[in-house]
Amino acid sequence: MTRRYNFCAGPAALPEPVLEQARDEMLDWHGAGLSIMEMSHRSPEIVGVAQRAEATLRDLMGIGDDYAVLFLQGGASTQFAAVPLNLLSEGGVADYVNTGQWSKKAIAEGKRFGNVNVAASSEDTRFTTIPARETWQLSASADYLHYTPNETIGGVEYFWVPETQAPLVVDMSSTILSRPVNVADYGVIYAGAQKNIGPAGLTLVIVRKDLLGKADARCPAMLDWKTAADNDSMYNTPPTYALYLAGLVFEWLKGQGGLDAMEVINRRKAEKLYAAIDGSAFYANPVELQSRSLMNIPFTLADANLDKAFLVESEAAGLLNLKGHRSVGGMRASIYNAVGEDAVDALIAFMQDFERRNG
Ligand SMILES: *Cc1c(COP(=O)(O)O)cnc(C)c1O
């Protein structure tokens, strides 16, 4: 068996020790004589798995008791609708900042439910910047301000938290767990699991408890965060296997030294790759220096006619899923927590060799 380096934007690489443990426990989980997939979500085993996953996550992120942790389904995209359904009041307004394709989708969904004010946008720079806070045109009393701390497609990341009156609602799908955050800065943090948490099928929502119970009367029960909170995320059948795997990932992260340690590793990985890109006239990254993502690094080749050869040869060299998003072109390396420094080193070595042969 040869495992190759996976730079996929999502579903993304998972830590190998997690996959090995899941394999070892597949047929007979802890002597239960069953796979975890075959157990009732009401069983003490699964309830225990869910509780342990939540406790480990609370510890990793420093989540206080004034926040509910919800394990849901439907992906981050479902939360684009759940956010206004839970928080946007009749006649109220929600502020959004548009920094890329995921912001845009959240905005489009928000508009289906009420008044949306796009307070700032970086579309004029083709989403290679983050609009300075002073330029944001915020509403006088918005129900919330929504933004995307890391734009997975453009590779643009906030390294600051905006100060606002309104509660901050953030789509952290592609940056969560990559470095410490101060949870208390936010009203709601949500994320699809398939980038930095676990397999697809699980969605994490961390919501300040005073924001529960405000949902529109027509909000489906399945989208009402209070329903989930009141039922320990077991109002209906949760994605039990994905939850189990996420719990193993949380424990793996703790074993790595937690999010402080992950930040050191992730910064080192990203800095190396940006240095290789910047140090060459053959490769380029379009994002303003202070907003370059630690997780998703798009880069272009000086001659786009070489893109195809780059992809074919990198794949043959065991470096998978480097094709950039169609809206940006070129390449993209997603280097989430489970993508090791050895993978980044191998990518840089390949890039330098490719440049020598084609530059
Ligand atoms: C991947 C991604 C999404 C979409 O997530 P789904 O779980 O597929 O709905 C939304 N926002 C961001 C920032 C993402 O990276």
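Within segment 303-359, the set of residues being farther than 17 Å from residue 273 by Cβ, aliphatic (A, V, I, L, M) and surrounded by fewer than 16 Cβ atoms within 10 Å (Cβ to Cβ) comprises 304, 309, 312, 316.
Residues are listed down the side, and each one gets a yes or a no for (1) part of a loop (DSSP other than H, G, I, E, B); (2) under 19 Å from residue 202 (Cα atoms); (3) not assigned by TED's automatic domain parsing to the domain that holds residue 339:
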position: 160; (1), (2), (3): yes, no, yes
position: 166; (1), (2), (3): yes, no, yes
position: 174; (1), (2), (3): yes, yes, yes
position: 181; (1), (2), (3): yes, no, yes
position: 184; (1), (2), (3): no, no, yes
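Look through 192, 187, 201 and report the one residue that is open to solvent by less than 20 Å² (accessible area, probe 1.4 Å) and under 16 Å from the mean Cα position of the chain (by Cα). Residue meeting the stated conditions: 192. The set of residues in segment 193-248 being out of contact with any Ser or Thr (no Cβ under 8 Å at 6 or more places or on another chain), of a type in the set (Lys, Arg) and within 16 Å of the ligand (Cβ to nearest atom) is empty. Whenever a residue of segment 1-13 is touching a residue at least 12 places away in the same chain (Cβ under 8 Å) and on the phi < 0 side of the Ramachandran plot, its partners that are more than 11 Å from the ligand (Cβ to nearest atom) and not in a loop (DSSP other than H, G, I, E, B), lying with C-beta atoms within less than 6 angstrom and at least six residues away or across chains, give the pairs 4/320; 5/319; 5/343; 5/346; 6/320; 7/333; 13/6.
Being under 18 Å from residue 294 (Cα atoms) and part of a loop (DSSP other than H, G, I, E, B) is the filter here; which residues of segment 1-14 pass it? Explain how you work it out, then say what you get.
Kept after step one, since they are under 18 Å from residue 294 (Cα atoms), are these residues of segment 1-14: 5-14.
Within segment 1-14, 7, 8, 9, 10, 11, 12, 13, 14 qualify.
Just to be sure before I move on: is residue 153 in contact with an Asp or Glu (Cβ under 9 Å, 6 or more places away or on another chain), within 15 Å of the ligand (Cβ to nearest atom) and of a type in the set (A, V, I, L, M) in the structure I sent? In short, no.
For residue 177, the criteria (1) open to solvent by 30 Å² or more (accessible area, probe 1.4 Å); (2) on the phi > 0 side of the Ramachandran plot hold in every case but one, which is (1).
Of all positions in segment 298-316, at least one carries a residue that is without any contact (Cβ under 8 Å) to a residue 40 or more places away in the chain and of a type in the set (Ser, Thr, Tyr).
Go through 282, 299 for me and flag whichever is over 28 Å from residue 176 (Cα atoms) and open to solvent by less than 20 Å² (accessible area, probe 1.4 Å). Explain how you work it out, then say what you get.
On the way: 299 fails: over 28 Å from residue 176 (Cα atoms).
None of the others qualify; the one that does is 282.
Of the residues 280, 293, the single one that is farther than 20 Å from residue 122 by Cα, of a type outside the set (D, E, K, R) and in contact (Cβ under 8 Å) with a residue 60 or more places away in the chain is 280. Restricting attention to segment 92-111, the residues that are away from the ligand (no atom under 16 Å from the Cβ) and either under 11 Å from residue 80 (Cα atoms) or modelled with pLDDT under 95 (or both) total 1.
Tell me yes or no: at least one residue of segment 59-76 is at pLDDT 95 or above, out of contact with any strand residue (DSSP E or B) (no Cβ under 7 Å at 6 or more places or on another chain) and hydroxyl-bearing (Ser, Thr, Tyr). Working first, answer last.
Step one: filter segment 59-76 for residues at pLDDT 95 or above, giving 59-76.
The next check asks that each one be out of contact with any strand residue (DSSP E or B) (no Cβ under 7 Å at 6 or more places or on another chain); those that pass are 59-62, 64-65.
Right, trim to hydroxyl-bearing (Ser, Thr, Tyr) and you get none.
Within segment 59-76 (the criterion being at pLDDT 95 or above, out of contact with any strand residue (DSSP E or B) (no Cβ under 7 Å at 6 or more places or on another chain) and hydroxyl-bearing (Ser, Thr, Tyr)), the answer is no, since none of the residues qualifies.
The values are calculated or read from the model by the stated rules, or taken from the named source; none is laboratory data. Computed from a predicted model, the values in this text were never measured in an experiment. A quick note on method: Cβ atoms are made from the backbone with ideal geometry, for glycine too, and the neighbour counts reach across all protein chains shown. These accessible areas exclude ligands, DNA and RNA; they are computed on the full protein's heavy atoms, side chains included. Shrake-Rupley method; radii C 1.70, N 1.55, O 1.52, S 1.80 Å.
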